[in-house]
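Take a look at the structure below.
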Amino acid sequence: MAKPEKLDISVYELDSSGRYVKSRENDPVIAFQDSAVVATELPEEKARALRGNPFLYNAERSGTEVYSIEDFLVTYKKREYLLGDIIRNDRFPLRVRKKVFKKTFRSWRRDYVKKKKQVFRENFRTVEVVKSIGNIKLPFYIELAIWAMFAAMIFIAGIDSPLWQKIARGRFGMFLREALDAMYASAPWLGIVANISIYLLIVLIIHSLFFRIIIKDYRKYYREANDYLTRSETQINREYKKKRKKAYKYYMRYLKKKSTPYYPPLDINEIQEGEVNIEVFDIVSKATVNRSYRLMKAEPALKVIKSILLILSIVGLVVVYGYSIVYVIIAAL
């Protein structure tokens, strides 16, 4: 038979104010109150905090200092008592103490599981919904077409470039260059349209590259956040089951007829939430949603800008090349 798990616990003793505090003596005397303290004897703010779930307790968030699981309130016959004042009070029959303890643990478990499922379900659904956000980047074939348009506009506008000097060495090349020179001289606005189209294409290329980086970064963040949430859910479930089992076995070991009532309360640190908890899970998922929301709000404007730049660039290309083709044909006749 396996040996029972050895519990690493802190020892408490009753101070002058009737509260359990960590003992500073080598051999402390553990005592319990001979009469139960009802919730009406506690300040309302403190009583409200102690009605919570010890497995959801967090010392940093709570305004009430708690030493042990026994400090939390339980209900017995429509009255509220501290858990420790029920299970340590021999005025209550042993079967009543065990019944209250088991019922309280079941209630805490239902409350914890309900909240955990609610948070996990809602956040996973929300994170899954924002998964499709970020379709701002242009398809690869359109980006390729933009680069081709940019090269074409540079070619048609830069007739004084070294490339055109090489082309003009031949008779046909010389004819094209002279025709284009004459076209720009007779219609100066074509040069302006060509230059504006080049600038628009540069802005469009920068727009595409910049938001490709943004979307890549967003996708990376989304994957990391989603992986973290998945790992957190597993860790939270595992830690909760371990702590609950430990606390339950600890008290059931002493809630026996021949067992001594002089045993230390279980330190709240043994069961309270760890660094990875439901609230942290909720914060990470909400941060993912908020980041996705900002991107989602920007998407319509970014798509409109992208479409305007692309349409104007195509119009400029068609005008310049269309006019050039017509002018060259007329010059050849």
Any idea how many residues of region 140-188 are without any contact (Cβ under 8 Å) to a residue 12 or more places away in the chain, part of a helix (DSSP H, G or I) and within 57 Å of the chain's Cα centre (by Cα)?
10
Failed item in (1) polar (S, T, N, Q); (2) surrounded by 14 or more Cβ atoms within 10 Å (Cβ to Cβ); (3) part of a helix (DSSP H, G or I), with Gln272 passing the rest
(3)
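Look through Ala194, Ala152, Ala148 and report the one residue that is at pLDDT 80 or above and in contact with a Gly (Cβ under 8 Å, 6 or more places away or on another chain). Walk me through it before giving the result.
On the way: Ala152 fails: in contact with a Gly (Cβ under 8 Å, 6 or more places away or on another chain); Ala148 fails: in contact with a Gly (Cβ under 8 Å, 6 or more places away or on another chain).
Sole residue among the options that is at pLDDT 80 or above and in contact with a Gly (Cβ under 8 Å, 6 or more places away or on another chain): Ala194.
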What are the residue pairs meeting all of these: first residue in region 96-107, first residue within 13 Å of Arg244 (Cα to Cα), second residue aliphatic (A, V, I, L, M) and part of a helix (DSSP H, G or I), Cβ atoms under 7 Å, and 6 or more apart or on different chains?
Phe101/Ile87; Thr104/Leu83
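Take the residues of region 244-266 that are part of a loop (DSSP other than H, G, I, E, B) and among the hydrophobic types (A, V, I, L, M, F, W, C): which is surrounded by the fewest Cβ atoms within 10 Å (Cβ to Cβ)? Show your work before the answer.
Pass one, region 244-266, residues part of a loop (DSSP other than H, G, I, E, B): 255-266.
Checking which are among the hydrophobic types (A, V, I, L, M, F, W, C) leaves us with 255, 266.
Details: Leu255: 19, Leu266: 23.
Among them, the one singled out is Leu255.
Quick check, is Ser307 under 30 Å from Glu239 (Cα atoms) and either modelled with pLDDT of 70 or more or not small (Gly, Ala, Ser) (or both)?
For Ser307, the condition - under 30 Å from Glu239 (Cα atoms) and either modelled with pLDDT of 70 or more or not small (Gly, Ala, Ser) (or both) - is not met.
If I ask for residues that are crowded, with 20+ Cβ neighbours inside 10 Å and either at positive phi or part of a helix (DSSP H, G or I) (or both), which ones from region 74-85 would you list? If you could, list the steps in order and put the result at the bottom.
Taking region 74-85 as the starting set, the residues that turn out to be crowded, with 20+ Cβ neighbours inside 10 Å are 74, 81-85.
Hits for region 74-85 are Leu83, Gly84, Asp85.
The values are calculated or read from the model by the stated rules, or taken from the named source; none is laboratory data. These figures come from a predicted structure and were not determined experimentally. Backbone-built Cβ (ideal geometry, glycine too); neighbour counts: all protein chains shown.
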